[in-house]
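I have placed the structure first, in the form of structure tokens, so that the comments after it can refer back to it.
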Amino acid sequence: MANNSYSGVKNSMVEANHDGEFGCTLKELRSLMELRGAEALSKIGESYEDTQGLCSRLKTSPVDGLSGQPTDIEKRKTVFGQNLIPPKKPKTFLQLVWEALQDVTLIILEVAAIVSLGLSFYKPPDAERDHCGRAAGGVEDENESEAGWIEGAAILLSVICVVLVTAFNDWSKEKQFRGLQSRIEQEQKFTVVRGGQVIQIPVAEIVVGDIAQVKYGDLLPADGVLIQGNDLKIDESSLTGESDHVKKTQEKDPMLLSGTHVMEGSGKMVVTAVGVNSQTGIIFTLLGSAEEDEDEEEEKKKEKEEKKKQRKNKKQDGSVENRKKAKAQDGAAMEMQPLNSDEGADAEEKKKANLPKKEKSVLQGKLTKLAVQIGKAGLVMSAITVIILVVLFVVDTFWIQNLPWVKDCTPIYIQFFVKFFIIGVTVLVVAVPEGLPLAVTISLAYSVKKMMKDNNLVRHLDACETMGNATAICSDKTGTLTMNRMTVVQAFLAEKHYKKVPEPENIPSSILDILILGIAVNCAYTTKIMPPEKEGGLPRQVGNKTECALLGFSNDLKRDYQAIRNEIPEEKLYKVYTFNSVRKSMSSVLKMADGSYRMFSKGASEILLKKCYKILTANGESKVFRPRDRDDMVKKVIEPMASEGLRTICLAYRDFPVSEGEPDWDNENDILTGLTCLCVVGIEDPVRPEVPDAIRKCQRAGITVRMVTGDNINTARAIATKCGILLPGDDFICLEGKEFNRRIRNEKGEIEQERIDKIWPKLRVLARSSPTDKHTLVKGIIDSTVIEQRQVVAVTGDGTNDGPALKKADVGFAMGIAGTDVAKEASDIILTDDNFSSIVKAVMWGRNVYDSISKFLQFQLTVNVVAVIVAFTGACITQDSPLKAVQMLWVNLIMDTFASLALATEPPTEALLLRKPYGRNKPLISRTMMKNILGQGVFQLVIIFTLLFAGEKIFDIDSGRNTPLHAPPSEHYTIVFNTFVLMQLFNEINARKIHGERNVFEGIFNNLIFCSIVFGTFIIQIVIVQFGGKPFSCVALTIDQWLWCTFLGFGSLLWGQVISSIPTSRLKFLKTAGHGTQKEEIPDEELEELDDMDEIDHAERELRRGQILWFRGLNRIQTQIRVVNAFRSSISLYEGLEKPESRSSIHNFMTHPEFRIEDSEPHIPLIDDTDAEDDAPTKRNSSSPRNATPTPPSPTPTTTAAPTTPVSPSPNQNNNAVESSNHLLPEGPKSGTPSAPGSPLHSLETSL
């Protein structure tokens, strides 16, 4: 990274090139930020003398920051740029229309319609007309035959309608998503100093020259130079791929880079580069604008050319790097070393291949599979329909009537065939439920929008649906279950236990002075207590809440901590050991006037008391504090406090006299010992009033709530009882982190799943837990196979250290207020009010999504079944489909698009929380739904066939059957069509309930969209029938006929009541449909993702042991080949050891290598891991071996036939590596990848 774009330009301090009036240019600052460590220091030294000099050049003050005047801020934005990375252009409406047109069925329809249009203009000479058989003759009216073109035109028109509606839906979805994205970005605030005041501003407002305060858990929004730091450690893995934390000091390495995480400590930095010029921005420009808009194909071509160029260049200029540098200075493109362009492309493809890092959302999996199955059935039906029609026509014309094939009649015959073909295609159009994906997206998008109001900011769409399946929630205590408003309520001070905050008069002043001094300097200076916003309100707590409690304690003791802080500003602190999850304490060192040092410490009482050797007595002297005294204190003070649900904090200090000389500050163990205990305080964090109720709802809904906290076990148990997580008389266990670890590890210290399985079902509280414990627990529950359903786990977290657990969980909730940026980054949903009861809302919405889809399915399938059967039998018996192509398309439009809108936007009800979660394998279509579908289907078919074959007698009208080619529309068929549509409309109301409820109208007026769609459809139907005429093959009906049609339609509501009276349990023959995908049928692409996520269960692994061994051999060879190639093509060996994850916004730029949980399968170290195709053999142990070695047969369901088109071997195939390995191993990676016969999820297009 050091030799980035401008590193060649050595700035020789040319004073002439100042931008405006600032003492340094954008270019200088950029080249400064390329440097690291010592280089950077020497550069600052020679150009600006020191950081102070840099600040004055940028016209800013290290203490007071920028003035904050709008003119100054604006000027800085124009000179140095804004802190924004321009987003990718959204797709235009036309592009979306073009995409919607790519639908295969639509294309077939368009072609058929055009052919039909062309043929309708041909007119054979009248004389010959009779030779062409019965069907052609008998047109009464000349102008009737003129109207032949109408059908073709009408089909084209309806196709356009469908396309526009689809495109519009996509467009609004895209718009919503962008709104969501910008909302997430606006939420991001950062602390800066302006005009001497510490304020929080949106990240986008940060400008060069701002003095920003960085603290534990921050995600740095811009590049800068450190001007003051305490114990600052940064995780730069997102930029460098090195997982070790980098220590930042002014003396050694002051460079802070955007997109990196503060893992420990705090400090101040002066901002030197923002937006596109920051390190993250530079990478973004590379990733985004360059190839984003190109297609993947082109990227692949480019890759090949790049590689060839690289090989040539190798011969010419000795190194690829030089070319890169040269290219960068041309300004043609800025390349960065770790991101070679081919890896950039690779990142792009990866991004497209697996945006959600979790396995494909349950619902999408089930739906895609169902859609494919229905589509295949439809394809078969339509093919049969066409064949039957053609055969009947040919037999009738040439055999029964014995007519010769006359040349003049050919166009007429072709017209017939085209008509048959169109009928076939319309059957297909109706059969394919293209409304399914639409219903899902509408439902999800609608839910996400509404969830915003319920304080859930959803970052990944499918998270909200997964939430409906949740079976377990692992929640933090602080801030989620409690109010995160801490106050000191008890104290043990000067040998006395005060049950409420003591009066300052009762405490020896010597002790009080030390105590207040300790609280003031040993709390982060960013933490303060502000006056209340409203009169009579509570004072506002800013910063770390535990520290706020201590500062509040000092205020209660009538002392002003701010005065001490003004006297001793942060810069004067000699050394600070900041709080982290390992130390569990924080210490600050002051240098006294006489040259001695005094260190103040605060931390968890049981940890800090072990380090105390003295304690202050009532008269202000210190006396020896023995282990025996300590045990007494734990029993008499700490446990009683904890059992009341208080968090206990110990405050202590230590003096280092001058005589001992300067201590070795880096040796923490020697420093943090021999302390003198000042006092122990009990801090109360009251339970949020709405939490117990929310937890009761969860338990009733079959969701287990577990509390995972860093507090001690007594506090945790007390709070858990108050919340209702622990109910008296139940058989539960509460563990501490240590004990938990002891129980789950074997003798060798390895974690064993069997041991976790013994614990987790009963575990309710895990106290004193480390972040890894939380992750272990979540992973243990997810991987567990004790209960037949796989557990779906939601996790809440706020700290940086919760990242791994949030990522591992099925749904990660981050806290919007208290959460650190790192936690928000790893999460799926952000709780904007940090409140547990919002999680219950999320569960409700998630279940609602599931139900909405089921409602839609129940409706859709009824229509599909009926329409297909009617068209099919009608065509076979009467040689013409009773429902014409255009009518079918209209039915398709109301069924698919409108119904998905109407049914997918049903608001959730509390009743959703009364049932158990569905689980992963619950079929989409339950037996009750199957009963409804079949029952309604039978009813509709009976009615329609009665009308079709006896309608003319009932209504006393002309029969519409067996009409000639261009005959005018008949009343008979209009009645059939009208009744059909009205039955669908009334059935849409039936479909609102899927669990067999009686009252289908319940809450119908809460959903305005539903009402307006049903009503609107009815109006349009009247217009079509009365005024549709020839294009819709309709004739205006009389009032009587309308009433009959409506009555028959209404019948489906009455019939619905009959159906719901039949108990489902009686109907043994009903089958469920739309199960989740079983493991064996998951297509290879997903297996890779699954394996990355360590998701396949252990039984499965046993079966695959043999296959893995076989692969290991293959992999060895490939690795060797790749080593050879790497040397041959001089690709740097370390190229891309970090895979760029999907980076959709500047804040998503994080990858956490230290969070990556390694797979438990042996993973052979590969040299160039960017290339997914080659590590496929280790992971793709589902499809490849089936084609390669005899392995235990895994049953593949018969329903999913193999797709008929070849599938490209792998989604992100890095051409170079594949080509080069092909020289030596022709069937290396390729032999394994023909898609497995069982992969059901290749989208419909492929199977067509």
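Scan segment 512-606 for chymotrypsin sites (Phe, Trp or Tyr not before Pro) in coil per DSSP, keeping those whose Cβ has at most 13 other Cβ atoms within 10 Å, and list them by number.
574
Could you compute the FRET efficiency for residue 187 and residue 699, with r as their C-beta to C-beta distance and R0 at 41 Å, rounded to 0.05?
With a Förster radius of 41 Å, E is 0.85.
Go ahead and collect, in residue order, the members of segment 193-209 whose backbone nitrogen is under 20 Å from a label point 7 Å along the Cα-Cβ direction of residue 78.
The answer is 205-209, whose backbone nitrogens lie closer than 20 Å to the label point.
What whole number of Å gives the distance from the Cα centroid of segment 398-441 to the Cα centroid of segment 1019-1035?
Centre-to-centre distance over Cα atoms comes out at 22 Å.
Are there GluC sites (Glu not before Pro) in segment 194-280 that DSSP puts in a loop and that have at most 11 other Cβ atoms within 10 Å, and which ones?
Qualifying residues, ordered by number: 251.
When averaged across all projection directions, what area in nm² does the alpha-carbon convex hull of segment 648-783 cover?
Spelled out: convex hull of the Cα atoms, projected over all directions, averaged, 12.1 nm².
Semi-axes, largest first, in whole Å: what does sqrt of 5 times each Cα gyration tensor eigenvalue give for segment 561-616?
Values for segment 561-616, descending: 23, 15, 11 Å.
Taking the Cβ-Cβ separation of residue 631 and residue 176 as r and a Förster radius of 60 Å, what is the calculated FRET efficiency to the nearest 0.05?
Computed FRET efficiency for residue 631 and residue 176: 0.50.
What nm value, rounded to one decimal, do you get for the distance between residue 739 and residue 956 when each label is placed 7 Å out toward the C-beta?
8.9
Note the full-extension length gain between residue 64 and residue 101 as 0.36 nm times their separation in residues minus their Cα-Cα distance, in nm to one decimal.
7.4 nm
Residue separation times 0.36 nm, minus the C-alpha to C-alpha distance between residue 395 and residue 621: what's the value?
Length gained, residue 395 through residue 621: 69.8 nm.
Work out, step by step, the length gained on full extension between residue 149 and residue 92: first 0.36 nm times the residue separation, then minus their alpha carbon distance; give nm to one decimal.
Between residue 149 and residue 92, full extension yields 17.2 nm more.
Mind checking the dipole of segment 205-266: about its Cα centre, +1 per Lys or Arg Cβ, -1 per Asp or Glu Cβ, Debye to the nearest 20?
Charge dipole, segment 205-266, about its Cα centre: 120 debye, nearest 20.
How would you classify segment 21-88 from its alpha-carbon gyration tensor, with a ≥ b ≥ c the square roots of the eigenvalues: rounded for a/c under 1.5, else prolate if a/b is greater than b/c, otherwise oblate?
In terms of gyration-tensor shape, oblate.
Which of 496/528; 453/697; 477/584; 993/1071; 584/738 have a Cα-Cα distance over 24 Å?
Cα-Cα > 24 Å for 496/528; rest within.
If you take the charge dipole of segment 451-593 about its Cα centre, with +1 on Lys and Arg Cβ and -1 on Asp and Glu Cβ, which of 578, 467, 546 is farthest toward its positive end?
578
What are the semi-axes of the equivalent ellipsoid for segment 485-617, taken as the square roots of 5 times the Cα gyration tensor eigenvalues, largest first, in whole Å?
They are 22, 19, 16 Å, listed from largest to smallest.
What is the distance, in nm, between label points placed 7 Å from the Cα along the Cα-to-Cβ direction at residue 50 and at residue 949?
10.1
I'd like to know which of 781, 737, 826 lies farthest towards the positive end of the charge dipole of segment 688-840, counting +1 on Cβ of Lys and Arg and -1 on Cβ of Asp and Glu.
737
Enumerate by residue number the trypsin sites (Lys or Arg not before Pro) in segment 602-698 meeting two conditions: DSSP loop (anything except H, G, I, E, B), and at most 15 other Cβ atoms within 10 Å of the site's Cβ.
610
Residues in segment 967-993, backbone N under 20 Å from the label point at residue 1061 (7 Å along the Cα-to-beta-carbon vector): list them, ranges by number please.
987, 990-991, 993
On average, how much accessible surface per residue is there in segment 917-1030, in Å², for a 1.4 Å probe, leaving out ligands, DNA and RNA?
41
Using a Förster radius of 25 Å, what is the FRET efficiency between residue 752 and residue 788 based on their Cβ-Cβ separation? Nearest 0.05, please.
So, using R0 = 25 Å, E works out to roughly 0.75.
Among the listed pairs 27/88; 855/1068; 807/841; 215/758, which are separated by more than 31 Å between their Cα atoms?
Over 31 Å Cα-Cα: 215/758.
Would you work out which of 715, 746, 760 lies farthest towards the positive end of the dipole of segment 715-764? Charges go on Cβ: Lys and Arg +1, Asp and Glu -1.
715
Does segment 650-694 come out rounded, prolate or oblate by the C-alpha gyration tensor, with a ≥ b ≥ c the root eigenvalues, rounded set by a/c under 1.5 and, if not, prolate when a/b is larger than b/c and oblate if not?
Judged from the Cα gyration tensor, segment 650-694 comes out prolate (a/c at least 1.5, a/b above b/c).
The values are calculated or read from the model by the stated rules, or taken from the named source; none is laboratory data. Quick caveat: nothing in here was measured; it's all calculated off a predicted structure. Using ideal geometry, Cβ is built from the backbone for each residue, glycine included, and neighbour counts are taken over all protein chains shown. Side chains are part of the model used for accessible areas, which takes the heavy atoms of the whole protein and leaves out ligands, DNA and RNA. Shrake-Rupley method; radii C 1.70, N 1.55, O 1.52, S 1.80 Å.
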